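The values are calculated or read from the model by the stated rules, or taken from the named source; none is laboratory data. Just so you know, these numbers come straight off a predicted model, no measurement behind them. Heads up, the Cβs are rebuilt from the backbone with ideal geometry, glycines too, and the neighbour counts pull from every protein chain shown.
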């Protein structure tokens, strides 16, 4: 294992920002894994740390075969230090700044400096989080950036689902979108949480990455083969949005199979305690996402369901 400084930005009143990377193996660049880009991505940082530990063990035991693996646990250590999701001084998001601009604003410079080091990896994995507070079924996600998409690579992680995401205008400045423009096969990997640590799903993610690296002939792995992934388009998911705001009381959990008409939860008036809305499933499906905050706004997705296949 070799530790290196991927990018360094001098600080005016405090120590410099240093984005550290850990490389394994030798030869041509093979795969880059990027962890936390936001200051609340505790789970993503934890997964990256466990991956560094696992790859160090694999390397010391001689199971790396060919190619260089680079793991960047955190792109935004400043924000992690103070638990602020975005850049502390101007509240900008590094993952909306790619490919970056080395003469631009601070987060543009960070994105440019990091991307310069990782743009030419043939495979890229981002340990991603979502903007909505909630819990997900662990899955891989591929962005349809208008370029040929090989979903077979995403299936090789052996996660339960592969989600094909249709791009929106703001996606064009994300890491994954720009990785694809530069010819990288980019995949986002989602575990169950963001701001808290889920050790079980973290280890599931580590095994998934090792499984993928083995499928590419980068290392030797003889563990569990994982799931036969089902591909689902994000447009095909059913969103459950309450008509009322209030306390959100869920009666199911992520991963549950539900029948059409089943009671999913309810909305409770925060002033009177009365039930003001009951939420039911419109289809037979799997609970893919569940809102995690105790309060919810009206017309906010509190569940996402994957319809069961016929």
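Checking each residue in region 179-199 for being surrounded by fewer than 18 Cβ atoms within 10 Å (Cβ to Cβ) and under 11 Å from residue 43 (Cα atoms) picks out 195, 196, 197, 199. When you scan region 166-189, do you find a residue that is more than 21 Å from residue 73 (Cα to Cα), part of a strand (DSSP E or B) and in contact with a helix residue (DSSP H, G or I) (Cβ under 7 Å, 6 or more places away or on another chain), even just one? Within region 166-189, one or more residues are more than 21 Å from residue 73 (Cα to Cα), part of a strand (DSSP E or B) and in contact with a helix residue (DSSP H, G or I) (Cβ under 7 Å, 6 or more places away or on another chain). Here residue 17 meets the list (1) in contact with a strand residue (DSSP E or B) (Cβ under 7 Å, 6 or more places away or on another chain); (2) under 25 Å from residue 222 (Cα atoms) almost entirely, failing just condition (2).
Let me confirm something: among 247, 256, 289, which residue is modelled with pLDDT of 95 or more and either in contact with a helix residue (DSSP H, G or I) (Cβ under 9 Å, 6 or more places away or on another chain) or closer than 19 Å to residue 163 by Cβ (or both)? None of the other options fit; the residue is 289. From the list 104, 124, 113, the lone residue that is within 18 Å of residue 37 (Cβ to Cβ), surrounded by 20 or more Cβ atoms within 10 Å (Cβ to Cβ) and either modelled with pLDDT under 95 or in the same structural domain as residue 207 (by TED's automatic domain parsing) (or both) is 124. For region 141-163, the tally of residues that are in contact with a helix residue (DSSP H, G or I) (Cβ under 9 Å, 6 or more places away or on another chain), farther than 30 Å from residue 222 by Cβ and outside any loop (DSSP other than H, G, I, E, B) stands at 1. Hey, could you check region 124-140 for residues that are in contact with a helix residue (DSSP H, G or I) (Cβ under 7 Å, 6 or more places away or on another chain) and in a strand (DSSP E or B) and say which is farthest from residue 201 (Cα to Cα)? Restricting to residues being in contact with a helix residue (DSSP H, G or I) (Cβ under 7 Å, 6 or more places away or on another chain) and in a strand (DSSP E or B), the top hit is 124. Evaluate the following for residue 206: is it in contact (Cβ under 8 Å) with a residue 60 or more places away in the chain and in contact with a helix residue (DSSP H, G or I) (Cβ under 6 Å, 6 or more places away or on another chain)? Here the answer is yes, as residue 206 does meet what is asked.
Quick one: would you say residue 180 is more than 22 Å from residue 237 (Cα to Cα), in the same structural domain as residue 38 (by TED's automatic domain parsing) and under 12 Å from the mean Cα position of the chain (by Cα)? Criteria not met by residue 180. Quick check, is residue 146 at positive phi and either surrounded by fewer than 22 Cβ atoms within 10 Å (Cβ to Cβ) or more than 18 Å from the chain's Cα centre (by Cα) (or both)? In short, yes. Within region 207-217, does at least one residue satisfy the condition of being in a loop (DSSP other than H, G, I, E, B), surrounded by 12 or more Cβ atoms within 10 Å (Cβ to Cβ) and assigned by TED's automatic domain parsing to the domain that holds residue 125? The answer is yes, given that some residue of region 207-217 is in a loop (DSSP other than H, G, I, E, B), surrounded by 12 or more Cβ atoms within 10 Å (Cβ to Cβ) and assigned by TED's automatic domain parsing to the domain that holds residue 125.
Here's the yes/no breakdown for (1) without any contact (Cβ under 8 Å) to a residue 24 or more places away in the chain; (2) over 21 Å from residue 201 (Cβ atoms); (3) in contact with a strand residue (DSSP E or B) (Cβ under 6 Å, 6 or more places away or on another chain):
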position: 4; (1), (2), (3): yes, yes, yes
position: 13; (1), (2), (3): yes, yes, no
position: 41; (1), (2), (3): no, no, no
position: 52; (1), (2), (3): no, no, yes
position: 56; (1), (2), (3): no, yes, no
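Would you call residue 35 surrounded by 21 or more Cβ atoms within 10 Å (Cβ to Cβ), over 15 Å from the mean Cα position of the chain (by Cα), at pLDDT 95 or above and under 18 Å from residue 111 (Cβ atoms)? So residue 35 does not fit the description; no.
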